[in-house]
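So the structure is just underneath, and the comments pick up after that.
The values are calculated or read from the model by the stated rules, or taken from the named source; none is laboratory data. Small disclaimer: the values here were computed from a predicted structure and weren't measured. As a convention, Cβ positions derive from the backbone with ideal geometry for all residues, glycine included, and neighbour counts pool all protein chains shown. Protein only, heavy atoms only, side chains kept; ligands, DNA and RNA dropped before computing areas. Shrake-Rupley method; radii C 1.70, N 1.55, O 1.52, S 1.80 Å.
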Amino acid sequence: MNKEELVKAVAAVAKLSQKDTAEIIGATIETIQKTVAKKQKVTLVGFGTFEARQRAARVGRNPQTGKEIKIAAKKVPAFSAGKKFKEMVK
């Protein structure tokens with residue numbers, strides 16, 4: 001499902017216009033991104049948690065040459081599914 005399909009599905013369930021639904025979904029995604037970028041968590045009970053996690057520095061390999069390269073530590077966005085979401089997927 002892509003964003004356009006998501007907008008159509010949510011608009012049908014919420015009985016809102018697709019334009020209004022697209023704005024709401026866009027604002028929700030933007031807010032989650034900005035919050036996680038500030039190193040804060042966003043928890044949606046039953047759905048999951050969005051957060052920034054630290055990825056440790058490591059040694060990788062260039063696939064073309066096989067030579068080892070150093071990969072720097074960095075922060076990455078992460079999502080952990082909530083209990084209810086995990087149970088639905090089983």
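Below, the figures for the structure above:
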read-out	value
Net charge of Cβ neighbours under 15 Å - reference Phe47; Lys, Arg +1; Asp, Glu -1	+2
For Ala14, net neighbour charge (Lys/Arg +1, Asp/Glu -1) across residues whose Cβ lies under 14 Å away	+1
The chain - percent of accessible surface contributed by carbon and sulfur, probe 1.4 Å	57 percent
13 Å beta-carbon shell around Ile69, net charge (K/R +1, D/E -1)	+3
Magnitude of the charge dipole, the chain, Cβ model with Lys/Arg +1 and Asp/Glu -1, debye to 20	600 debye
Length-normalised contact order of the chain in % [C-alpha pairs under 8 Å, at least 6 apart]	21 percent
Normalised alpha carbon radius of gyration of the chain [divisor 2.2 N^0.38 Å]	1.51
Residue among Gly26, Phe50, Val10 farthest towards the positive dipole end of the chain, charges placed on Cβ	Phe50
